[in-house]
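Read the structure below first, then the notes.
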Ligand code: URP
Ligand code: ZN
Ligand code: ZN
Ligand code: ZN
């Protein structure tokens with residue numbers, strides 16, 4: 001099934017050599033179970049020039065079309081990872097995966113788009129945007145950007161507007177942790193929430209109490225606890241619960257939708273559930289590490305092994321994982337990210353004598369689709385349609401790129417995976433495509449395997465081989481005012497009239 005124009009049998013090790021692009025751009029995926037978030041059916045999928053043209057049974061085509069047999073397999077929208085950090089400068093170093101290696105890894109695992117976080121350069125959003133455009137130049141799959149806000153003044157406020165109106169960004173992330181670097185205070189958070197609301201941009205929060213974390217770290221150091229376990233002990237769930245609650249209440253006060261990134265504890269999840277019950281628009285994003293791992297690994301006697309699990313908020317005690325899985329299956333949490341942010345063993349060793357210096361982050365961009373399939377679908381927790389919703393469609397809807405992304409429908413981008421439910425995969429640093437030398441899922445074998453990944457109408461992963469083209473990935477602009485904003489103005493009007501009501505009554509009596 002070699003597509004003309006692609007490099008024959010070029011595996012991962014050579015992929016950067018592969019620069020030609022496909023001339024045959026017609027594909028037929030035959031006989032599979034086509035799954036969308038709302039529906040599944042037995043059908044063929046016909047693709048031309050990177051776009052899905054037709055989805056129906058028994059499509060007939062000529063010999064110029066590459067045919068992929070999907071009998072007995074699921075044909076689904078490629079994964080969209082809402083939360084990654086590629087080529088990110090952080091904690092005195094830079095992530096080992098850049099846009100090319102991170103995306104190649106993603107494609108090998110069935111993810112065809114990701115949304116990365118731009119970190120401003122010296123607080124400047126425009127400089128940050130330009131820097132990330134350069135970083136993403138060699139992209140081999142489609143990507144979008146969120147933007148972090150790390151300080152506040154008139155220039156930042158104006159730049160937020162430019163980002164939304166001219167640069168295709170519709171979400172901003174605020175860090176309530178990382179005191180002294182990325183952390184912001186409540187005054188800034190309120191100003192920024194107001195600005196997000198007026199622009200129709202989604203506010204996202206890293207919810208941990210940064211002052212509390214600094215205090216917890218001091219406590220551990222005073223107790224002589226300097227190893228990776230000190231990371232978990234210094235920032236317990238209570239600090240995540242507090243910051244989650246605070247962010248939710250302030251977003252409710254402003255009446256703007258809120259997205260909580262990397263929900264790691266039941267404490268945070270319960271705050272989200274409580275607000276949702278009261279009718280507030282709060283989105284909760286668990287990440288794969290929080291769903292499948294527990295913190296015991298941070299006590300591993302080997303530093304390299306323990307340090308690879310250091311991320312923030314920390315991976316929690318056994319039990320939080322189960323609570324997050326349940327919340328994901330009932331819809332309290334709506335989509336799954338990875339927070340893919342890889343540092344190799346040498347980089348992690350920056351904190352060999354002091355856990356506060358271990359660069360925070362774990363891998364996952366390549367493993368997410370497989371782990372979520374096994375954990376949620378294979379276990380019977382959710383349906384295959386729900387799998388598509390939490391790995392792809394909901395992300396596309398929330399960030400306003402549906403149905404271009406997140407669907408197998410005529411007119412949608414041909415970002416497609418073929419998953420064989422009867423095959424299995426093993427996670428390992430030996431076989432993964434990320435540049436990092438460790439894997440937090442080392443040795444896990446899961447049922448269900450992405451056998452084919454199609455990105456922009458090109459077969460980029462087949463027969464365990466990657467055929468990726470640097471520069472073929474496109475920047476996907478995302479428009480403001482997603483469905484999460486509908487009704488906000490009406491709710492505001494109701495609120496304003498409620499303020500007038502008592503005054504009205506009083507003047508009637510007078
Ligand atoms: O440990 C983490 N999560 N590293 C990436 C930065 C962030 O907070 O998302
Ligand atoms: Zn080649
Ligand atoms: Zn974060
Ligand atoms: Zn992150």
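Would you be able to say whether some residue in segment 99-121 is more than 27 Å from residue 372 (Cβ to Cβ) and in a strand (DSSP E or B)? Looking for residues that are more than 27 Å from residue 372 (Cβ to Cβ) and in a strand (DSSP E or B), one finds at least one in segment 99-121, hence yes. Scanning segment 238-256 for residues that are buried (at least 22 other Cβ atoms within 10 Å of the Cβ) and either within 16 Å of ligand 4 (Cβ to nearest atom) or under 26 Å from residue 311 (Cα atoms) (or both) yields 239, 240, 243, 244, 247, 248, 251.
Answer yes or no as to whether residue 443 is more than 17 Å from residue 369 (Cα to Cα) and part of a loop (DSSP other than H, G, I, E, B). So residue 443 does not fit the description; no.
Identify all residues within segment 190-217 that are more than 16 Å from ligand 1 (Cβ to nearest atom) and assigned to a helix (DSSP H, G or I); write none if there are none. Across segment 190-217, the qualifying residues are 190, 191, 192, 193, 194, 195, 196, 197, 198, 199, 211, 215.
Of all residue pairs spaced 6 or more apart or on separate chains, those with beta-carbon atoms under 7 Å, a first member in segment 332-344 that is in contact (Cβ under 8 Å) with a residue 24 or more places away in the chain and a second member that is in a loop (DSSP other than H, G, I, E, B) and more than 16 Å from ligand 1 (Cβ to nearest atom) are 344/437. The set of residues in segment 194-208 being crowded, with 22+ Cβ neighbours inside 10 Å and under 22 Å from the mean Cα position of the chain (by Cα) consists of 196, 201, 202, 203, 204, 205, 206, 207, 208.
The listed residues are 250, 233, and the only one of them that is over 30 Å from residue 294 (Cα atoms), away from ligand 2 (no atom under 16 Å from the Cβ) and in contact with a helix residue (DSSP H, G or I) (Cβ under 7 Å, 6 or more places away or on another chain) turns out to be 250. Test residue 221 against the stated conditions and say whether it is surrounded by fewer than 22 Cβ atoms within 10 Å (Cβ to Cβ), touching a residue at least 40 places away in the same chain (Cβ under 8 Å) and in a helix (DSSP H, G or I). Taking the combined requirement at face value, the residue satisfies it. Looking at segment 186-201, is at least one residue in contact (Cβ under 8 Å) with a residue 40 or more places away in the chain and within 16 Å of ligand 4 (Cβ to nearest atom)? Within segment 186-201 (the criterion being in contact (Cβ under 8 Å) with a residue 40 or more places away in the chain and within 16 Å of ligand 4 (Cβ to nearest atom)), the answer is no, since none of the residues qualifies.
Scanning segment 473-496 for residues that are part of a loop (DSSP other than H, G, I, E, B) and under 21 Å from the mean Cα position of the chain (by Cα) gives 473, 474, 476, 477, 478, 479, 480, 481, 482.
Just so you know, all these numbers are worked out from the coordinates, no wet-lab data involved. Everything numeric here is computed off the predicted structure, so don't read it as measured data. All Cβ positions, glycine included, derive from the backbone under ideal geometry; neighbour counts span all protein chains shown.
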